[in-house]
Amino acid sequence: MERHRIFITRQIPEEGIEMLRRVADVEVNPVDAPMDRAELLARIADCHGVVGLLTDRIDAEFFDAAPVLKGYANYAVGFDNIDVAEATRRGLPVSNTPGVLTNATAECAWALLFAAARRVVESDGVMRSGQWTGWGPLQFIGGDVSGKTLGIVGAGRIGTAMALMGRGFNMKVLYTSSSGRRNAVLESELNARLVDFDTLLAESDFISIHTPLTPATRHLFDAASFSRMKPTAYIVNTARGPVIKEDDLVAALKAGTIAGAGLDVYENEPSMAPGLAELDNVVVLPHVGSATRSSRTDMATLAARNLIAMLEGRRPETCLNPEIYD
Ligand code: DGY
């Protein structure tokens, strides 16, 4: 029987590629950068399976360009880059990588929260530039964390993990839920309270965003939302950039409408909104939430297992459209 052909749109950890090589002929984009669209569409013309990234748009045009495709595996938990309805309409399975990056991303949210609240990057800069003149009572005063209120927007896997990790800080936890479903773990473990968005904005000292990007969450945080937050509050985003209207965030940070922000994701990656990088009250990371050795390796092996299942006509472990197997 002819071996399947697989294309991987960018280098991922070798463990996943090795698994795929055992069952198929595999090619990996040799350039460590997002692929040019026309090149990608040409490259997948004879492929049975593709592993792609959050930077690849997986839509009708993509599927049209791959007439023998049997499935697509996303190397990410977020799947706003995939037109799942279109894949389902065509009977094509698509998958993501939930679970394996939960702790890594939740830890990154804490890193940002503390870095923003305790002005870590700003202080580090003063040390490195030789400007520190010695200890001073009014230097680099930041926000308190212990005992404050943490608002989780999107209490799914990562939002729940983030809140649970904060147990030692004795915070009051609020959360929102787009489905209105209550989070039994947060409520029983942390006495967390399900609240509406306005209450979360008004009462939180720290807001951490963990909601997926959907039409309903795009620009959920804009000038109006920032104006309803406490002027001493901080916002952290490790989910998807467009949940925040970035120009409005820059304005809010400049005006002191809120105290600070910690960002791992941006509205137009890899760019940042004009003015953001010049502000001292924001900490900016280059979308590294899942960038730990074990998470990135586990993402690769999960994506590989998913794609192998699709090629063999089996339902993948973390399928985004399992109904096609009914
Ligand atoms: C994801 O998985 O969605 C992250 O943004 C990258 O790991």
**Complete:** One finds, for ALA184 and ASN281 with R0 = 45 angstrom and r their Cβ-Cβ distance, a FRET efficiency to the nearest 0.05 of 0.80
**Fill in**
In Å, the C-alpha Rg and Dmax of region 184-269 are 12.9, 39
**Message:** Starting from the 7 Å offset along Cα-to-Cβ, what nm value, one decimal, do you get for the label separation of THR232 and VAL68?
**Reply:** 6.5 nm
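In Å², what does the accessible area per residue of the chain work out to with a 1.4 Å probe?
47 Å²
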**Message:** Could you tell me the center-to-center distance, by alpha carbons, between region 244-265 and region 43-118 in angstrom?
**Reply:** 28 Å
**Kirkwood hydrodynamic radius (C-alpha pairs) into Stokes-Einstein, region 224-278, 37 °C and 0.692 mPa s, D in µm²/s** = 293 µm²/s
**Prompt:** Cross-link partners among aspartates and glutamates for LYS254, C-alpha distance below 13 Å, same-chain residues fewer than 8 apart left out?
**Reply:** GLU246, GLU278, ASP280
**Message:** Taking the Kirkwood radius as the inverse of the mean 1/r across Cα pairs, report the Rg/Rh of region 1-124.
**Reply:** 1.08
**Prompt:** Between ALA155, HIS219, SER208, whose Cα lies farthest towards the positive end of the dipole of region 102-284 when Lys and Arg beta carbons carry +1 and Asp and Glu beta carbons carry -1, centred on the Cα centre?
**Reply:** ALA155
**Message:** Using a 10 angstrom Cβ neighbour count of at most 14 plus a DSSP loop assignment to flag exposed chymotrypsin sites (Phe, Trp or Tyr not before Pro), which longest range of the chain is free of such sites?
**Reply:** 141-326
**Prompt:** Are there trypsin sites (Lys or Arg not before Pro) in region 11-55 that DSSP puts in a loop and that have at most 11 other Cβ atoms within 10 Å, and which ones?
**Reply:** ARG22
**Per-bin percent of Cα-Cα distances, region 102-284 [5 Å]** = 1, 8, 17, 22, 21, 15, 8, 4, 2, 1, 0
**Message:** Give me the one-decimal nm value for the distance between modelled label points at ARG3 and ARG118, 7 Å along each residue's Cα-to-Cβ direction.
**Reply:** 5.2 nm
**Prompt:** What 222 nm value per residue comes from the helices of the chain, counting each DSSP H run with n ≥ 4 as -39,500 (n - 2.57) and dividing by all residues, nearest 500 deg cm²/dmol?
**Reply:** -9500 deg cm²/dmol
**Message:** With viscosity set to 0.692 mPa s at 37 °C, what whole-number translational diffusion coefficient in µm²/s follows for the chain from Stokes-Einstein and a Kirkwood radius over Cα pairs?
**Reply:** 155 µm²/s
**Item:** Solvent-accessible area, 1.4 Å probe, carbon plus sulfur percent, for the chain
**Value:** 52 percent
**Fill in**
In degrees, nearest 10, the alpha-carbon axis of helix 246-255 is tilted away from the dominant principal axis of the alpha carbons of the chain by 10 degrees
**Request:** May I ask you to compute the full-extension gain from ARG293 to THR214, defined as 0.36 nm times their residue separation minus their alpha-carbon distance, rounded to one decimal in nm?
**Result:** 25.5 nm
**Request:** With springs only between Cα atoms under 10 Å apart, run a GNM on the chain and tell me which of SER290, SER177, SER204 wobbles the most.
**Result:** SER177
**Request:** Compute the relative contact order of the chain as a whole-number percentage, counting only Cα pairs closer than 8 Å that sit 6 or more residues apart in sequence.
**Result:** 20 percent
**Fill in**
Here the longest stretch of the chain that holds no GluC sites (Glu not before Pro) in a DSSP loop having at most 14 other beta carbon atoms within 10 Å is 3-311
**Prompt:** So what does log10 I(q)/I(0) come out to for region 55-182 at q = 0.14, 0.15 Å⁻¹, using the Debye formula with one equal point on every Cα and no solvent?
**Reply:** -0.82, -0.87
**Asked** Relative contact order, percent, of region 102-284 when contacts are C-alpha pairs under 8 Å separated by at least 6 residues?
**Response** 21 percent
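The values are calculated or read from the model by the stated rules, or taken from the named source; none is laboratory data. What you are looking at is a predicted structure, and each value in this text was computed from that prediction instead of being measured. No Cβ is skipped: glycine too gets one built from the backbone with ideal geometry, and neighbour counts run over all protein chains shown. Just the protein is used for accessible areas: all its heavy atoms, side chains included, with ligands, DNA and RNA removed. Shrake-Rupley method; radii C 1.70, N 1.55, O 1.52, S 1.80 Å.
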